[in-house]
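Only one structure is covered here, and it is reproduced in the block below.
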Amino acid sequence: MSTPQHAAKAQDRDGPARHAGVGARACYGTLMADRTFSVQPYSMRHGALALLVLASLATTACSGDRGRYPSLARRPAERAYGSAMPVTAPTPESQAPIAPDAGTAARVAALTDQAVKADAKFEARRASAERAVAAARGAAVGSEAWSVAQIAIADLDSARSEGMVAMADLDRMLVVAAQAAVDGPRADLDLIAPAHAQVDELMRKELATLDSLKSRVAG
């Protein structure tokens, strides 16, 4: 017959087995269903065996749960992207040079030729003007010698004015080309600038000659 003392002893034997059931939680914070195993109260040896089985099942659950998450290893596409050579912009030296506008080139050539021809005419008249000014040295204002000298100087100034017309056009073209070259090709500027400098030198030389002749004529 079972007595209270026998029941208490049976409960004491059952205690370790009941406590051997554990509730395992999965990795990555996901709650797994509690796996609770009832171990028969045969002996402590059977309880230890049950604990080992539960530990093995928990490890398997964690390993299977990790399979649902992507690997952090570098993917083939990422390796291919990382090994690609960077695309470099072409250097200015590798680009083909841009030729100046054909119309601009023709206009620059015509204006330069106009200024050179005007300077040639100026030089051809300069000797006559020098003689007229020398003859008018000390002559009164309004005298015949003074009048001849003034006419000769005006003739020189007329020849220079033909070159000044070309100079004014080159001035305008130079400004436009310089503005375009700020963020664009400078082929036109490279063409206009030397011609502008050449004509400007001619105009400065002629002006110096005229100023010298005028200073020697009274009035």
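The values are calculated or read from the model by the stated rules, or taken from the named source; none is laboratory data. Everything numeric in this text was worked out from a predicted model, so none of it was measured. In this analysis, Cβ positions are derived from the backbone assuming ideal geometry, glycine residues included, and neighbour counts consider all displayed protein chains. Areas reflect the complete protein model, heavy atoms only, side chains present, ligands, DNA and RNA absent. Shrake-Rupley method; radii C 1.70, N 1.55, O 1.52, S 1.80 Å.
Only a single criterion out of (1) touching a residue at least 24 places away in the same chain (Cβ under 8 Å); (2) open to solvent by less than 60 Å² (accessible area, probe 1.4 Å) is not satisfied by Ala145, namely (1). When Ala124 is tested against the conditions (1) without any contact (Cβ under 8 Å) to a residue 40 or more places away in the chain; (2) in a helix (DSSP H, G or I); (3) open to solvent by less than 60 Å² (accessible area, probe 1.4 Å), the lone failure is (3).
Over 30 Å from Val108 (Cα atoms) and in a helix (DSSP H, G or I) - does that describe any residue in the stretch 176-199? The answer is no, given that none of the residues of the stretch 176-199 is over 30 Å from Val108 (Cα atoms) and in a helix (DSSP H, G or I). Looking only at residues in the stretch 165-216 that are of a type outside the set (A, V, I, L, M, F, W, C) and closer than 13 Å to Pro100 by Cα, the one that is surrounded by the most Cβ atoms within 10 Å (Cβ to Cβ) is Asp188. Considering Arg137, Arg160, the condition of being open to solvent by 60 Å² or more (accessible area, probe 1.4 Å) and of a type in the set (D, E, K, R) is satisfied by Arg137 alone. Every test in (1) modelled with pLDDT of 90 or more; (2) in contact with a Pro (Cβ under 9 Å, 6 or more places away or on another chain); (3) over 28 Å from Leu170 (Cα atoms) is passed by Val108 save one, and that test is (3). Of the residues making up the stretch 127-147, just one is in contact with a Lys or Arg (Cβ under 7 Å, 6 or more places away or on another chain) and not in a helix (DSSP H, G or I), namely Arg137.
Against the criterion of being open to solvent by 90 Å² or more (accessible area, probe 1.4 Å) and modelled with pLDDT of 55 or more, Ile153 does not qualify. Residues that are within 16 Å of Asp211 (Cβ to Cβ) and not hydrophobic (A, V, I, L, M, F, W, C) within the stretch 164-187 are absent altogether.
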